[in-house]
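Undergrad: One structure follows; several queries about it will come next.
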Amino acid sequence: MVEVRLKNLTVKYGEVVAVNNINLVLEDRKFTVMLGPSGCGKTSTLRSIAGLTRPASGDIYIGERLVNDLYPSERNVAMVFQSYALYPHMNIFDNLAFCLRPLKHSKGEVERKVNDVAKRLHLHEFLGRYPAELSSGQQQRVAIGRALIREPAVLLLDEPLSQLDAVLREEMKMYIKKLQEDLAITTIHVTHDQTEAQALGDKIVVMDQGAIQQTGTPQEIYNSPLNLFVAGFIGNPPMNFIPGKVYREKGELFLVNTKARIHLSSKLSKKLEEKGVVGEIILGIRPEHILLFPTAAANSIRARIVEVLPQNDEFIIHLDCTSFSLKVREDKKILGFRPQIDQEIWFALSEEKAYVFDKETTARIELSSRGD
Amino acid sequence: MKAKMRRSLVSGTRMAAVILVTIVFAFPLYWLFATSLKTRVQIFTLPPKFIFIPTLENYIQVVNSWFMGNLLNSFLVAAVSTVFSIAVGSLAAYGFSRHPLKGSDNILFWILSLRMLPPIAIVLPLYVLFRTLHLLDTHLALILIYSIFNISFTVWFMKGFFDEIPRDIEESAMLDGYGPLQVFYKVALPLVRPGLMATAIFCLIQTLIEFLIALILTNRIAVTATVGMAKFQVLGVEWGQITAAAAIFILPIIVFTVLVRNQLIRGMAFGGLR
Amino acid sequence: MKGKVGERGFRLILYLPTLIFLILMSIFPLIFSIYISFFDYTLGQHMSFVGFGNYGSLLAGPPFWSALKITLQIAALAVTIEIFLGIFIAFLFNTQTRGVNICRMIIFIPMMLSPLVVGFLWKHMFDAIFGIINYFFGLLGGPETISWFTNVRLALLAIVIVDLWEWTPFVALLATAGLQAIPPNVMETVRLERTSLWLRFRVLYLPYLRFPLLVAVLIRSIDTLKIFDQVYVLTGGSPGESTVTLSMYVYRLGFNFFYTGKAAALSWLMALISVGLITILIRVLSQKSA
């Protein structure tokens, strides 16, 4: 079990830079998830580690070895593909046993190992069948089994769950997580699905446009996003952003956005002053941190309901606030009433939960003693 | 680093092998063109000259000889046969694709066999028949025979292209009120235009390079380029002129080949080139 | 707007021209050919019925068997070597390195050229005294004046070499198509695992090569059995009769001696063999698209 280190890694496809000079340590025995939208460079990074893609520059260390020029088969890594990539002409037993052949195990040993893996992955009934006869979930498990059977140093997963239906996906998430914990193998999992990342990762690496936006635990990423991108990417529905200008009137701070004026609480105002924040900012607030009132209340702002989406115990409510819009997540019971489209409603922000972002750099402005 | 060197060595060796193989296949072509640019003396020397001062005298002689007439015959026959075959064959191809008959499979089989039969089997009886009809040594005879092969090829080749048109497009045209003829003319045909081009080029190439049938059916008037080239040999192997004639002849064929490079597999599978 | 032509009428328009033309130009003559084959017919002279006499005398005579043997030798040797070389070239060229595409294009040219032109070209290159082939042999330390066309074995070898030059790229083309059908992720999985070359070939490549190679063998076989143009130019049948192929034999019978009846009989036998192979080819082709 080893750690993987990337130093100044750059991957280019022709003139297009897919991965731009990143530095990363993927810890030994940990489940690291690389998360980001399509084209952010996460898959290119993964493939560079495997040796399937040649980076333009940079160094890749697997354990203590510099593997830049080693062929994929010499790196002792295994990969599970989105499409499973099972050998269609061989049955499951042979698919699993195939990679053991060159290691010159005796026939008995091969059988034993295959059976072990098959049992662990609940595949022992299927050993005689062919890939085409198996369901997606089963094929998925065979792909995983094939990766694990030769006990690689690193396990790479390239969006393995994206072809599965919702129920199966949940099952496999737990499955993979438990498997990794049991085996304690360094695992790198690539996905664009942030709920998957949150569920699986010991550590999440958020990428966009070839650069690492933030690394941290799921908690850290969610609660302390470093910039606008990370804040907006994580969370469902995503964080609301209200651009505006910080404006002082009669000793009070307001956030002014064309027509709307949000009175900022004294606590928030004090923090902003401390940091010397003036001018244009972007205020970020998560949908679950907005309070709704059927009638005007202290410090609340008027808005109109545009859309209501019921979700289990909650409503997702779209608000039109003239110069900006908000998505709000509210527990049905707490709300207390049935929201109607075009209904007038008042909202207030839980300001201790608000984030402030610099408009130019999109970085979050750290307001001290945030506490969570 | 050892690994880096090894990688470069492996990929370097591979490229070297690729280039070597390419040279093996390209060299005779080069030699053809080179010989055509040599004087008689330069051709018949030992050791063979790789560097020499080129001359156009062979080309001039060929251009002034009967060969140009042969070339014209070849292109004329090829062009007419191709146009005719595509016009007729595409209709049938469309039929097999969209309006199949009972026993279409058998008919298609028969048509493909025609394409792949030894030409001698077809030429022989037709020679006898043409002889009776005084059609020997005429362009018409050649056009008729070549069209057998070209139509067969066209039917098979174009059927594939028609098959690829999604049925939805035609069905929606029919819902709009178009009759079957118009659907063919306005919808299907425009969509297979690239296929028609490729078919035309294959037919042209295949007809131009044909030898045996032309050898048998022509004598003086309708002699094609391939047969005409053989005549240079009769006068005591004039390599300079033969290669010059060959060079003039194959240049358009090479151009055509480059044009259809994407359809090569399909074209070759459905009728190879004799 | 109402279709002026009904479905039925439309079908007629589609099929009729083709069918009429093909039937007239091929079925008719072919039937006529069978008819002639039952007669002792020398062109321009009187025909007399001999039943299967022509077939009999053909099969009894050495020239037929000789021609058959020669044709089969050429076919077997050429096709076998082409398959192996073709696979090798397909693998060799199966890379994304710049320039490989141009190289590929270049090696596909020989198969599109006129076999006649190819024949002439190689005749020149195989020339005993001035030929470039002998020159290269000399450079490599061998004899410098190999007379290719006066020795039976060498003449056949020369014909095979010419066929190799022309058609190996064709096999490579088909094999390449097979290789490109391999799903990239399966290929990459193999790259990640330590496997021997042979194992890799057997498990990954062979299943995808089976079909294209089968098609290649069939098409090349059908083609080499009819071989004429190159042989006519390279050897004309010599030395002696030792490179007379089936097509050439028919040609001689029919157009040198004008034994039309016999020629018809032989061309029919050839046609039958071809049809056999074509049937197999079509079955194989339709199996894949099904």
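The values are calculated or read from the model by the stated rules, or taken from the named source; none is laboratory data. These figures come from a predicted structure and were not determined experimentally. Here the Cβ is made from the backbone with ideal geometry for all residues, glycine too, and neighbour counts use every protein chain on show.
Undergrad: Taking A:Pro225, is it closer than 30 Å to A:Gly276 by Cβ and in contact (Cβ under 8 Å) with a residue 40 or more places away in the chain?
TA: Working: closer than 30 Å to A:Gly276 by Cβ: yes; in contact (Cβ under 8 Å) with a residue 40 or more places away in the chain: yes.
Taking the combined requirement at face value, the residue satisfies it.
Undergrad: While we're here: Quick check on B:Phe211: is it of a type in the set (Phe, Trp, Tyr), surrounded by 21 or more Cβ atoms within 10 Å (Cβ to Cβ) and more than 8 Å from every other protein chain (Cβ to nearest Cβ)? Quick ask: steps written out before the conclusion?
TA: Values: of a type in the set (Phe, Trp, Tyr): yes; surrounded by 21 or more Cβ atoms within 10 Å (Cβ to Cβ): yes; more than 8 Å from every other protein chain (Cβ to nearest Cβ): no.
The answer is no for B:Phe211.
Undergrad: Based on what the data block shows, is A:Glu170 in the same structural domain as A:Val19 (by TED's automatic domain parsing), over 26 Å from C:Pro184 (Cα atoms) and in a loop (DSSP other than H, G, I, E, B)? Walk me through how you get there before you give the answer.
TA: Values: in the same structural domain as A:Val19 (by TED's automatic domain parsing): yes; over 26 Å from C:Pro184 (Cα atoms): yes; in a loop (DSSP other than H, G, I, E, B): no.
No.
Undergrad: When you check C:Ala265 against the structure, is it in a helix (DSSP H, G or I) and within 26 Å of C:Ser33 (Cβ to Cβ), yes or no? Before the answer, list the steps.
TA: Working: in a helix (DSSP H, G or I): yes; within 26 Å of C:Ser33 (Cβ to Cβ): yes.
It is true that C:Ala265 is in a helix (DSSP H, G or I) and within 26 Å of C:Ser33 (Cβ to Cβ).
Undergrad: A follow-up question, please. Run A:Gly14 past the list (1) of a type in the set (Gly, Ala, Ser); (2) under 27 Å from A:Asp182 (Cβ atoms); (3) over 21 Å from the mean Cα position of the chain (by Cα) and report the number of the one that doesn't hold.
TA: If we test A:Gly14 against (1) of a type in the set (Gly, Ala, Ser); (2) under 27 Å from A:Asp182 (Cβ atoms); (3) over 21 Å from the mean Cα position of the chain (by Cα), just (2) comes out false.
Undergrad: Need the failing condition index for C:Ile87 against (1) modelled with pLDDT of 90 or more; (2) farther than 30 Å from C:Glu241 by Cβ; (3) within 10 Å of chain B (Cβ to nearest Cβ), just the number.
TA: (3)
Undergrad: As an exercise: evaluate B:Asn219 against (1) surrounded by fewer than 17 Cβ atoms within 10 Å (Cβ to Cβ); (2) assigned to a helix (DSSP H, G or I) and give the number of the one condition it does not meet.
TA: (2)
Undergrad: Is it true that some residue in the stretch A:114-123 is within 30 Å of the chain's Cα centre (by Cα) and among the basic types (Lys, Arg)?
TA: Within the stretch A:114-123, one or more residues are within 30 Å of the chain's Cα centre (by Cα) and among the basic types (Lys, Arg).
Undergrad: Quick one: would you say B:Val83 is closer than 30 Å to B:Lys159 by Cα, assigned to a helix (DSSP H, G or I) and out of contact with any strand residue (DSSP E or B) (no Cβ under 6 Å at 6 or more places or on another chain)? Talk me through it step by step, then tell me what you get.
TA: Details: closer than 30 Å to B:Lys159 by Cα: yes; assigned to a helix (DSSP H, G or I): yes; out of contact with any strand residue (DSSP E or B) (no Cβ under 6 Å at 6 or more places or on another chain): yes.
Yes: the conditions hold for B:Val83.
Undergrad: Since A:Gly128 meets every condition but one in (1) more than 14 Å from every other protein chain (Cβ to nearest Cβ); (2) closer than 29 Å to C:Leu197 by Cβ; (3) assigned to a helix (DSSP H, G or I); (4) not hydroxyl-bearing (Ser, Thr, Tyr), which condition does it not meet?
TA: Single failed check for A:Gly128: (3).
Undergrad: Same structure, new question: Of the conditions (1) in a helix (DSSP H, G or I); (2) modelled with pLDDT under 90, B:Tyr178 clears all except one; give me its number.
TA: (1)
Undergrad: With respect to A:Leu148, is the statement that it is farther than 21 Å from A:Leu52 by Cβ and in contact with a helix residue (DSSP H, G or I) (Cβ under 7 Å, 6 or more places away or on another chain) true?
TA: Values: farther than 21 Å from A:Leu52 by Cβ: no; in contact with a helix residue (DSSP H, G or I) (Cβ under 7 Å, 6 or more places away or on another chain): yes.
Taking the combined requirement at face value, the residue does not satisfy it.
Undergrad: Under the condition of being within 23 Å of A:Lys30 (Cα to Cα) and modelled with pLDDT of 90 or more, which residue from the stretch A:77-95 is farthest from the other protein chains (Cβ to nearest Cβ)?
TA: A:Val80
Undergrad: Does any residue of the stretch A:155-163 turn out to be assigned to a helix (DSSP H, G or I) and either over 20 Å from A:Arg101 (Cα atoms) or touching a strand residue (DSSP E or B) at 6+ places or on another chain (Cβ under 8 Å) (or both)? Talk me through it step by step, then tell me what you get.
TA: Filtering the stretch A:155-163 down to residues assigned to a helix (DSSP H, G or I) leaves none.
No, every residue in the stretch A:155-163 fails to be assigned to a helix (DSSP H, G or I) and either over 20 Å from A:Arg101 (Cα atoms) or touching a strand residue (DSSP E or B) at 6+ places or on another chain (Cβ under 8 Å) (or both).
Undergrad: Right, here's the next one. Here are some conditions: (1) under 16 Å from C:Pro169 (Cβ atoms); (2) in contact (Cβ under 8 Å) with a residue 60 or more places away in the chain. C:Val100 meets all but one. Which one does it not meet?
TA: Just one mismatch for C:Val100, condition (2).
Undergrad: Shifting gears a bit: So which helices (runs of 4 or more DSSP H) stay within the stretch C:182-241 end to end and still have 1 or more residues that are under 22 Å from A:Pro72 (Cβ atoms)?
TA: Details: elements: C:184-192, C:197-200, C:206-225, C:229-234.
So the answer is C:184-192, C:197-200, C:206-225.
Undergrad: Another one. Quick one: how many residues across the stretch B:10-41 are among the polar types (S, T, N, Q), facing chain C (nearest Cβ under 7 Å) and over 19 Å from C:Arg104 (Cβ atoms)? Quick ask: steps written out before the conclusion?
TA: So in the stretch B:10-41, the residues among the polar types (S, T, N, Q) come out as B:11, B:13, B:22, B:35-36, B:39.
If we keep only those that are facing chain C (nearest Cβ under 7 Å) too, we end up with B:22, B:35.
Subsequent filtering for residues that are over 19 Å from C:Arg104 (Cβ atoms) retains B:35.
Final tally of qualifying residues: 1.
Undergrad: Evaluate the following for B:Asn106: is it free of Cβ contacts under 8 Å to residues at least 24 places away in the same chain, more than 23 Å from the chain's Cα centre (by Cα) and under 28 Å from B:Ala200 (Cβ atoms)? Before the answer, list the steps.
TA: On the way: free of Cβ contacts under 8 Å to residues at least 24 places away in the same chain: yes; more than 23 Å from the chain's Cα centre (by Cα): yes; under 28 Å from B:Ala200 (Cβ atoms): yes.
Taking the combined requirement at face value, the residue satisfies it.
Undergrad: Output the number of the condition that A:Pro225 fails; it satisfies all remaining conditions of (1) at pLDDT below 90; (2) within 23 Å of A:Glu330 (Cα to Cα).
TA: (1)
Undergrad: While we're looking at this one, here's another question. Just checking, how many residues over the stretch B:42-84 are polar (S, T, N, Q) and away from chain C (no Cβ under 14 Å)? I'd like the intermediate steps shown before the answer.
TA: Residues of the stretch B:42-84 polar (S, T, N, Q): B:42, B:45, B:55, B:58, B:61, B:64-65, B:70, B:73-74, B:81-82.
Among the residues that remain, those that are also away from chain C (no Cβ under 14 Å) are: B:55, B:61, B:64-65, B:73, B:82.
The qualifying residues number 6.
Undergrad: So which residues in the stretch B:109-126 are at the interface with chain C (Cβ under 8 Å from one of its Cβ atoms) and either under 21 Å from the mean Cα position of the chain (by Cα) or within 16 Å of B:Phe161 (Cβ to Cβ) (or both)?
TA: Scanning the stretch B:109-126 gives B:Ile111, B:Leu112, B:Ser113, B:Leu114, B:Met116, B:Leu117, B:Pro118, B:Pro119, B:Ile120, B:Ala121, B:Ile122.
Undergrad: Let me ask another. Just name the residue that is surrounded by the most Cβ atoms within 10 Å (Cβ to Cβ) out of those in the stretch C:10-69 that are in contact with a helix residue (DSSP H, G or I) (Cβ under 8 Å, 6 or more places away or on another chain), among the small types (Gly, Ala, Ser) and more than 7 Å from every other protein chain (Cβ to nearest Cβ).
TA: Ranking the qualifying residues of the stretch C:10-69, first place goes to C:Ser37.
Undergrad: In this structure, is C:Thr279 buried (at least 18 other Cβ atoms within 10 Å of the Cβ) and at pLDDT below 90?
TA: Details: buried (at least 18 other Cβ atoms within 10 Å of the Cβ): no; at pLDDT below 90: yes.
Here the answer is no, as C:Thr279 does not meet what is asked.
Undergrad: Going residue by residue through the stretch C:35-54, is there one that turns out to be touching a Lys or Arg at 6+ places or on another chain (Cβ under 9 Å), modelled with pLDDT of 90 or more and in a helix (DSSP H, G or I)?
TA: Within the stretch C:35-54, none of the residues are touching a Lys or Arg at 6+ places or on another chain (Cβ under 9 Å), modelled with pLDDT of 90 or more and in a helix (DSSP H, G or I).
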